[in-house]
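Presented below is the structure to which this report refers.
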Amino acid sequence: MHSMSLSLAITPALVVVTAIVYLRGWFSLRNAFPKLIPGWRLAAFIGGLFSVWTVVGSPLAGLDHQSLTVHMLKHLLLMTVAAPLILTAAPIFPLMCGLPKLFITGDPPLRNWRARCLEHRPTHSVFCWLAGTAAAIGWHLPVAFQLGMRFHWVHLLEDVSFLLAGLLFWWPIVESPIGATNSPRWSMPLYLFLATLPCDILSAFLVFCNRLIYPFYLSAPQLFPMTPLQDQECAGALMWVWVTFAYVIPAVTITMRMISPSNTQWQNPIRGRANEVAGQSTSDAETGVL
């Protein structure tokens, strides 16, 4: 309980600090490149941070010990809401530009790390797909799940891994001003469709196995007026429906954009501005941004 209370106290502070750094960098980039990162990306980043706070720092954080449905809802919020919203905000440049000068000009190794971060970002869709699938399936194995329920630091590691895996998973899908992955866009609908299969198998198992998979909820006070088995079935159904819509809608959207005649017209301006920013030297960026 002490560890959980500490997490509930620290998380809002981290969210606020991250939002302030991004906002500072966003205003700086806005002054230097007015059309690079529009306001809706700022709103997406704030929405993503709010989703993270809802899962880790809000009163909802403690309710997953009473309901598997709430536990499943938290995972879905991290992987399918918070992660894509944060990526949609193109966070790398605003966060780097929003850091104080001490972190940018006072430590040359940090500046080198900044360049490596952009050059060696994850671009292989297979790795990103495996990361998202491994987190979704691995943490729902009974042994890992029981550890997460009994030890708060394991539970916190679980939440962090879901967010990181979600960021990796959505990286090939979400296009940002700093560019996309090396994977062709035509493969992205297939990428999303294949991602639904492991989640569908897991959710179907939770719904139709007719036995309680996680004994932890036998002794836990129930949040809703239902048995632990009914709660498990509800959690499986929630995952089944949520993941289907969360993956199918982007797949349909990408497909419609690919067959649209104006596809190249909306891609080229964004990537052109990305090349303009990425091609500038570090000194020019620091002078113009900070």
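Since every read-out is calculated from the coordinates, none of them should be taken as a lab result. Everything numeric in this text was worked out from a predicted model, so none of it was measured. Here the Cβ is made from the backbone with ideal geometry for all residues, glycine too, and neighbour counts use every protein chain on show.
A few notes on this one:
- Cβ-Cβ FRET estimate between PHE205 and LEU99, R0 fixed at 35 Å, reported to 0.05: 0.20
- Segment LEU14..THR227, full-extension length gain: 73.0 nm, with 0.36 nm per residue of separation and the alpha-carbon distance subtracted.
- Two-site FRET efficiency, LEU218 against THR244, from Cβ-Cβ distance with R₀ of 51 Å, rounded to 0.05: 0.95
- With a Förster radius of 22 Å applied to the C-beta separation of LEU190 and PHE127, the computed FRET efficiency comes to 0.85.
- With both labels modelled 7 Å from their Cα along Cα-to-Cβ, the LEU157 to MET258 distance reads 3.9 nm.
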